[in-house]
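One structure is given here, and the rest of the page talks about it.
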């Protein structure tokens, strides 16, 4: 029998393993030789990660376990947690916020996955569904997640690349907003990504899409009613400067979950923030035609539509035509050899952003108050 030394000292995070006891026992019973092979593969990955964490106690071992749990949930979701016409395992859910606090690594991938995973708000007047309902056939009822009998139209996450799946979710949310008369695009999240995270996502090959997806499936398992309290440390130091495309700044203003409200400051321009309650502020409605244009890589045309919609809302986007001069929409064309990809740009519009990021976007593409059209 192999033996190994157990790390000395208190293990504050080992309590996290106890949260898995009931569900893991159920998943073990479901992972028999007669069940689909994907269950046994997922169980093996979980048990291997638990062993490594108990042996070494490293943060990366706990992150590997966290990701393995997400993969197991995804394996169950293929058949709505059923096998041979019976439910074999309930969805894994309501993990404590300590899972986030213990596995957070400060990476762009973690920031983006975390922001996406927190989309939703059942306490709001418009009852915004959680992102998890687009990943797997589950519904939130009486404080718990339950399997749906079938994969309905809400489940749009498929075996495609990350950007395609994110676009599918965004389009589904746009349709849902129209059908249910949501006042804003229903993508609120208490956690947002920074300007630097978005720039990294848009940069060709800079973010690990597989890692974002793995972390997303893990993070949706955390109880959305509890907020993790950690200070977001800066993401890794970049080998080259990342510049946020102005096309993104313009387009994102049409895909916000609230009104734009300007808060006056003693010096400088206003400080912009989002509000979902009350009547004050600027409402910029999403333009459904923008997504198909981006998917066809017609970025300049999408920006032209966005610019017109922003102007109609009462703001003045830059650049804008001057009296007696032709439109300057050519300024929205991506430069030659640009890494900017239309599909990825469309996907980025789903990612919730921080208040600081929002203020930067407005500053990038909207004229100051004193220069607005009357």
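The values are calculated or read from the model by the stated rules, or taken from the named source; none is laboratory data. Keep in mind that what you see is a predicted model, and the values were worked out from it rather than measured. Glycine also receives a Cβ, built like all others from the backbone with ideal geometry; neighbour counts cover every protein chain displayed.
Points to keep in mind about this one:
- Matching option when the condition is modelled with pLDDT of 95 or more and either more than 14 Å from the chain's Cα centre (by Cα) or more than 15 Å from residue 116 (Cα to Cα) (or both), among 208, 204: 208
- When residues of the stretch 74-92 are limited to those that are closer than 17 Å to residue 19 by Cα and out of contact with any helix residue (DSSP H, G or I) (no Cβ under 6 Å at 6 or more places or on another chain), the one surrounded by the most Cβ atoms within 10 Å (Cβ to Cβ): 91
- From 253, 260, residue being surrounded by 20 or more Cβ atoms within 10 Å (Cβ to Cβ), within 22 Å of the chain's Cα centre (by Cα) and under 17 Å from residue 174 (Cα atoms): 253
- Of all residues making up the stretch 155-193, the number that are buried (at least 17 other Cβ atoms within 10 Å of the Cβ) and either in contact with a strand residue (DSSP E or B) (Cβ under 6 Å, 6 or more places away or on another chain) or assigned to a loop (DSSP other than H, G, I, E, B) (or both): 13
- When residue 64 is tested against the conditions (1) in contact (Cβ under 8 Å) with a residue 40 or more places away in the chain; (2) part of a helix (DSSP H, G or I); (3) more than 19 Å from residue 131 (Cβ to Cβ); (4) within 24 Å of the chain's Cα centre (by Cα), the lone failure is (1).
- Qualifying positions in the stretch 20-54 - in a loop (DSSP other than H, G, I, E, B) and at pLDDT below 95: 31, 32, 33, 34, 35, 36
- Test: residue 172 is free of Cβ contacts under 8 Å to residues at least 60 places away in the same chain, touching a helix residue (DSSP H, G or I) at 6+ places or on another chain (Cβ under 7 Å) and over 20 Å from residue 93 (Cβ atoms): yes
- Being at pLDDT 85 or above, closer than 14 Å to residue 360 by Cα, out of contact with any strand residue (DSSP E or B) (no Cβ under 8 Å at 6 or more places or on another chain) and not assigned by TED's automatic domain parsing to the domain that holds residue 353 is a property that residue 197 has.
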